[in-house]
Each structure stands twice: as C-alpha cells, then as structure tokens.
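Since the structure comes first, as structure tokens, the remarks are kept for the end.
The numbers here are math on the coordinates, done by the rules we state, and not lab data. Remember, predicted model here, so these are calculated numbers, not experimental data. Cβ atoms come from the backbone with ideal geometry, glycine included; neighbour counts cover every protein chain shown.
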Amino acid sequence: MLRADDLVFAYPGQGEPYRFTLEAMPGTVTAISGASGSGKSTLLDLLAGFIRPTSGSLSLDGVGLLSLPPETRPVSLLLQADNLFEHLSAAENAALGLPRGTPKADGKARVATALAEVGLSGFEDRIASNLSGGQKQRVALARTLLRDRPVLLLDEPFSALDDETRKTTRELVGDLTRRHGWHTVLVSHHADDIAALAEAHYRIVDGRLERA
C-alpha cells in the first residue's frame, strides 16, 4: 500500500498549508480531483519527490520514501504531454525506461514485448513525430512498463485525446494497473475518467484530501 500521512507543504507566501493524507492500494486506480489551483499537481510533486513536505510521512508497503530523491523513488510520472523525443523512434523512446547497462539484445526484446503489451507491435521503427496522440501515450506507457516501478502518477493523461482514443487509452491504463499491481494515482477533472477507472476517489477541498 502507498500511504501519505499528513504531508504538510506551503509555497512561500501561502497562508494555510496543504495537508494531504491518502492511501492507494496495489492493482487499483486512486483518483484525485479538485478545482484549478487546489493542489492536485502539488500532491503529485510531493509523491514524486520534486518538492519536500515540512512534515508528515510517505511510505510504500511500510518502507519510508521521503529520504529518496526523485530518480530513485519507485515512481513513474505520466503527464498530459507524453514527453517523447520527436526525432526518436517508438522503440528508442520506450527504451529510455530500461535500466542502465541492459544488454542490447535483451533490451531490444524487452522493448518489443512492452510495445506489444500496449498494442503497438510493429511500430518499433515509427518516428515519434509520425505517431498519433494516443499512440504517443502508449509509447509512454511502454516506457513505464520498462521502468518497472510500482507507483504510477498520472497528471491529466487523457486531456489531449479525442473521445474514442481517450476511452481505449484509459481502458489500457486500468488493465495495466491490475495486471502489474501498480499503485496508480490519477489526477483528473473529468468525471468520466474517474468513474471508469477509479476504485477510490479523493477530492481536494481547502487544501485537504476528502473521500469523495
């Protein structure tokens, strides 16, 4: 279980600080909603380690995470923008998730397997700039698979997609979450995404997380 217990954080000049407490179970999607500026992205930044709380605790299966820098936390982050390198192929972009030192032959096989799992078999050599928005998000998910980290943070990942692509991509996220036992935390202001994916739903109100 991923658990944040009374994480306290305030930006310079902010009055009342944020105070976040939540639990996210493996193999499930936990949704976070709230008004614009309510602190949704701040919560993800705290979980990822990009900012540090002034107090509180954060743990995964009882092991503390706050002392770990972002690069060594068991966390992957997928944004609204897919963050692919447009001049690289789908395989080259996905391969950025491989551990350093992975043998070339092994890495190529693992990349092919990951792309197949997200429905992109045969797209290995397609340049990212020639992929659709949904295909780019699938490559980003393949990279996440290769990172092999148990916590997935999603910040409005479907916002730039058309309705049909949005539906199939979120179905894929739900399937991957269950299959790999990810603790997936989804920030979204779209009620349809939350209803389709989330087993648990928190809303940020006045800087606090409340069960919705």
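Structure above, values below:
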item: The chain: angle of helix 163-180 to the longest principal axis, Cα-based, in degrees nearest 10; result: 80
item: Neighbourhood net charge (14 Å Cβ-Cβ; Lys/Arg +1, Asp/Glu -1) for G107; result: +2
item: Karplus-derived HN-Hα couplings along the range 2-7 (A = 6.51, B = -1.76, C = 1.60, θ = phi - 60°), whole Hz, x at Gly and Pro; result: 8, 9, 10, 10, 6, 6
item: Around S89: net Lys/Arg minus Asp/Glu count, Cβ-Cβ under 11 Å; result: -3
item: Residues with amide H under 5 Å from that of L77, placed H, sequence gap 5 or more; result: L153
item: Placed amide H near T184: partners under 5 Å, 5+ positions off or other chain; result: G27, T28, T30, L152
item: Sorted by Cβ neighbour density within 10 Å, fewest at the top, the residues R143, R3; result: R3, R143
item: Simple Cβ-charge dipole of the chain, Lys/Arg +1 and Asp/Glu -1, about Cα centre, in debye nearest 20; result: 460
item: Under the Karplus curve 6.51 cos²θ - 1.76 cosθ + 1.60, θ = phi - 60°, whole-Hz ³J(HN,Hα) for the range 147-152, x wherever Gly or Pro sits; result: 5, 6, 10, x, 10, 10
item: In Hz, Karplus ³J(HN,Hα) per residue of the range 122-133 (6.51, -1.76, 1.60; θ = phi - 60°; x = Gly, Pro); result: x, 9, 3, 9, 6, 5, 4, 5, 9, 9, 6, x
item: R126 long-range amide H proximity, modeled H, under 5 Å; result: A90, A91
item: Pairwise centroid distance, computed over Cα atoms, of the range 1-47 with the range 80-98, Å; result: 28
